[in-house]
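S.K.: Got a structure here, written out as structure tokens. Questions coming.
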Amino acid sequence: MQQLKTHPNLDLDLIVERLQADGVLNCDRIPPQAIKQALIHWFNSIVESMNEEPDWWIRNQCPKQFENHLPEPLDHEPDFQDESELKEFATL
């Protein structure tokens, strides 16, 4: 079975359960494992698309949420002495 590399809080079992409970796209008549496989392929295609066109995704899919996570722009390029400083900046 193909493994999904994603956020650890993504619960495929719960997603499948909800899709089946609501009968979304006839998921109530499809085996859970087949739905999981479809989700994995779907999520992977989304990630691939994000890698290919990040600008489109940021502009068209919840741009305000992305913008809310950005730090304030700097007036100059920061001068990082080593990678640990860069990691510290990235966590602000």
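The values are calculated or read from the model by the stated rules, or taken from the named source; none is laboratory data. These figures come from a predicted structure and were not determined experimentally. For neighbour counting, all protein chains shown are included, and Cβ atoms are generated from backbone atoms with ideal geometry for every residue, glycine included. Calculation scope for accessible area: heavy atoms of the full protein, side chains included, ligands and nucleic acids excluded. Shrake-Rupley method; radii C 1.70, N 1.55, O 1.52, S 1.80 Å.
S.K.: May I ask you to say which residue of 19, 25 is at pLDDT 90 or above, at positive phi and over 17 Å from the mean Cα position of the chain (by Cα)?
M.R.: Numbers: 19 fails: at positive phi.
Within the list 19, 25, the selection yields 25.
S.K.: Return the pair list, or none, for Cβ contacts closer than 6 Å from residues in region 38-63 that are over 30 Å from residue 26 (Cα atoms) to residues that are open to solvent by 80 Å² or more (accessible area, probe 1.4 Å), at least 6 apart or on different chains.
M.R.: Within 6 Å, the pairs are 58/66.
S.K.: Restricting attention to region 56-75, which residues are loosely packed, with under 10 Cβ neighbours inside 10 Å and either modelled with pLDDT under 65 or under 25 Å from the mean Cα position of the chain (by Cα) (or both)? So that I can check it myself, show each step before the final result.
M.R.: Within region 56-75, the subset loosely packed, with under 10 Cβ neighbours inside 10 Å is 60, 64-65, 67-75.
Result: 60, 64, 65, 67, 68, 69, 70, 71, 72, 73.
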